[in-house]
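All remarks here apply to the structure that follows.
The values are calculated or read from the model by the stated rules, or taken from the named source; none is laboratory data. Remember, predicted model here, so these are calculated numbers, not experimental data. Cβ placement follows ideal geometry from the backbone for every residue including glycine, while neighbour counts extend to all protein chains displayed.
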Amino acid sequence: MFDLFTSLAKRAIVVSQDEAMALGHDFIGTEHLLLGMAGVPESTAGGVLRDQGVTPVAARAEAVRLLAAMGISGTAWQDAADALATIGIDVEEVRRRADESFGPGRFLYPRPPYTARAKTVLEQSVSESRALGHDNVGTEHMLLAMITEGNGVGMRILTSLQVDPAGLRSTLLARLAVAKS
């Protein structure tokens, strides 16, 4: 499926994975996809989000607040690190050595799985692209799919940041119409 995605969309997906891991989450949800799109400012979705006042910092803070209110903390990986420590494995030392051996950030740990809702958004982004007659899936299609799906923490973040989903959709479609002409 990801072979249809543009390089910017793929980068947004990688950023979403990195955000989930940096926040200590053992899943990738719509909130992480939103952080990924906002984290690629040169993409269509990144630009539209920025214009709507959705910065990576603001979206991340709101994601942390909403998830904490739901009882989801950023300590998912700590249990595994603690378990490894009990048998003498220092995870930070492993990271340091991996960075020395492979270069900073080159050694990739297993990425957390996508939630069902995040998978739906990614699948729907292909449909959004096709419905618009596009050959590839960009960040704009990912954001349109998130709006179409309509639920999830990603949408709650947008609403909390005073972004109107219908207005956001119109802005995205207008930006795509201008780009096409």
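In segment 17-54, which residues are within 16 Å of E140 (Cα to Cα) and either aromatic (F, W, Y) or without any contact (Cβ under 8 Å) to a residue 24 or more places away in the chain (or both)?
A38, P41, R50
Within segment 164-174, which residues are under 23 Å from E123 (Cβ atoms) and surrounded by fewer than 20 Cβ atoms within 10 Å (Cβ to Cβ)?
P165, A166, R169, L173, listed by residue number.
Can you pull out the helices (runs of 4 or more DSSP H) entirely within segment 53-147 that have at least 1 residues that are closer than 30 Å to A174 by Cβ and at pLDDT 75 or above?
In segment 53-147, 56-69, 116-131 are the helices (runs of 4 or more DSSP H) which contain 1 or more residues that are closer than 30 Å to A174 by Cβ and at pLDDT 75 or above.
Kindly indicate the residue of segment 122-134 that is touching a residue at least 12 places away in the same chain (Cβ under 8 Å) and surrounded by fewer than 22 Cβ atoms within 10 Å (Cβ to Cβ) and also farthest from V178 (Cα to Cα) among those meeting that condition.
Per the stated criteria, the residue is E123.
Within segment 148-167, track down each residue that is within 16 Å of the chain's Cα centre (by Cα) and in a helix (DSSP H, G or I).
Result: E149, V153, G154, M155, R156, I157, L158.
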